[in-house]
Every structure is written in structure tokens, then in C-alpha cells.
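What follows is a set of notes on a single structure, which appears directly below.
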């Protein structure tokens, strides 16, 4: 447990020391909230779609968590190049504990980002239906954060070039985000896109956060939790295997 705690704490310290990274990672979610919320909000309301900000904010919270989680993997590449990871890997500690500690640290950072976006969204027009369900929303934030931090770690374990990592991650992130129901309802999609969104694990995370904060689960609470937990188990095993096989 000591190794897990040390790696978790190191990830947090690295994040708090980088003020530019901290505030820079919030710029895109805030831009989406303001530009889309106020830009498309009146159009959606005139079309009878209700308050678009109520629909949009949970999706943008999930977006902030997704981006922060996946890009945490680049820290692994930097650690491998500059020596700290080598010192850690030769310690008499199982590698899976190191991986879990890093993943928990990245997930904690991502949850913090999601909570900040949630607080900001409250000031620009979003309303929580039942504050008693905020802990459930945080549970979904954690599941999303842990899943995609582990996913980013798995990808970083196979890369040595830090410049290639953002290119690959962006190629993966954008379809995950836009086909998750974060910006539009999944109910009226063509059949082909419905299949894709059903296979997208982020769809269940977005639906879980939206359901907890607004009271409407489109895919179902049990389905949201079940899919995310199963995906965490699968991705966690794969990430641990690749991390164990990584050469430093």
C-alpha cells in the first residue's frame, strides 16, 4: 500500500506545482460551456428542447474528466525518459501497485477538474435537481476518471515518443467525446450511430453524471454502473499487463 500512496501523492504534487497546466486544462471545458450553452441554448429552447445548459453541463463535466485523465499518460513517458520511473521500477515493489498508484493519482486530479467545472456551471445557469445525488455524480466521475486514466497509461506504456502521445490521444478522444451524448441526445440518432454510442463507454459515464445531477437516466442507472465497472476491470487488466511489460 505504501507504493500506491507514494505514486498517488507524487501525481498530485506534480499537478499542483504546474499552475499553467491546472488552469489551461479548464479553458476548453469553460469555452464549451459558454459558447455552446449561450450560443445554442436559445435555439434549442425555441425548438422546444428546454434549457440546453441543463443538458450540456454534465457532458462538459465528463469531457473535462476525459481529457485530463487521458493526458495524464504523458507523465509516464516523461518519467521514463528522465529517470524517476527507472528508480521506482527497480524497487522491490510489485509493478501493479505502482500502476494503481499512478492511476489513482491521475483519477483524483481528473475528479477535481470535473468538480471545478461543475461549480463554474452553477454560476452560468446550470441547476442541480437534487443535491442528495451529488455523491452519486462523484462516483460516476471517479469511474470515468479511473477508466480513462488507466486507458491513457496503457497507451503510454507502449510509446517512447512524448510528441506522438498527444496525436494518438486526440485521435481517440474526439470520437469518444462527440459520440457519447455529451452535446446531443442519443435518442434520435440513426441506427448505425446508436450502435457506436452503445459501444462507447463514455456514453454511460455521461448518462450517469447527467442522471445524478438532473434526475433523468436515458440508458439506466444499473446499465451505467455495470458497463463502467466491467470496462474498468478489462482496461485495468490490460493496462497492468502492458505496464509490467514496459522497458525502462
Quick check, is residue 206 modelled with pLDDT of 90 or more, under 30 Å from residue 95 (Cα atoms) and buried (at least 16 other Cβ atoms within 10 Å of the Cβ)?
-> no
Close pairs from the stretch 187-206: first free of Cβ contacts under 8 Å to residues at least 24 places away in the same chain, partner assigned to a helix (DSSP H, G or I) and surrounded by 15 or more Cβ atoms within 10 Å (Cβ to Cβ), Cβ under 8 Å, at least 6 apart | 189/197; 197/203
For residues that are touching a helix residue (DSSP H, G or I) at 6+ places or on another chain (Cβ under 7 Å) and assigned to a loop (DSSP other than H, G, I, E, B), tally how many sit in the stretch 199-215.
-> 1
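Regarding the stretch 73-91, can at least one residue be identified that is modelled with pLDDT of 85 or more, crowded, with 16+ Cβ neighbours inside 10 Å and either in a helix (DSSP H, G or I) or touching a helix residue (DSSP H, G or I) at 6+ places or on another chain (Cβ under 8 Å) (or both)? Reasoning before the result, please.
Step one: filter the stretch 73-91 for residues modelled with pLDDT of 85 or more, giving none.
No: the stretch 73-91 contains no residue that is modelled with pLDDT of 85 or more, crowded, with 16+ Cβ neighbours inside 10 Å and either in a helix (DSSP H, G or I) or touching a helix residue (DSSP H, G or I) at 6+ places or on another chain (Cβ under 8 Å) (or both).
Kindly establish whether residue 227 is part of a loop (DSSP other than H, G, I, E, B) and either at pLDDT below 95 or in contact with a helix residue (DSSP H, G or I) (Cβ under 8 Å, 6 or more places away or on another chain) (or both).
Working: part of a loop (DSSP other than H, G, I, E, B): no; either at pLDDT below 95 or in contact with a helix residue (DSSP H, G or I) (Cβ under 8 Å, 6 or more places away or on another chain) (or both): yes.
Answer is no for this residue.
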Could you list, in sequence order, all residues of the stretch 94-121 that are over 15 Å from residue 69 (Cβ atoms) and modelled with pLDDT of 85 or more?
-> 118, 119, 120, 121
Does the stretch 164-182 contain at least one residue that is buried (at least 16 other Cβ atoms within 10 Å of the Cβ), under 20 Å from the mean Cα position of the chain (by Cα), at pLDDT below 90 and over 18 Å from residue 63 (Cα atoms)?
-> yes
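Which of the residues belonging to the stretch 115-138 are free of Cβ contacts under 8 Å to residues at least 40 places away in the same chain and crowded, with 16+ Cβ neighbours inside 10 Å? Walk me through it before giving the result.
Within the stretch 115-138, the subset free of Cβ contacts under 8 Å to residues at least 40 places away in the same chain is 115, 119, 122-123, 131-132, 135, 138.
Residues satisfying the conditions are 115, 138.
The values are calculated or read from the model by the stated rules, or taken from the named source; none is laboratory data. No experiment lies behind these values; they were computed from the predicted model shown. We place every Cβ from the backbone using ideal geometry, glycine too, and count neighbours over all the protein chains shown.
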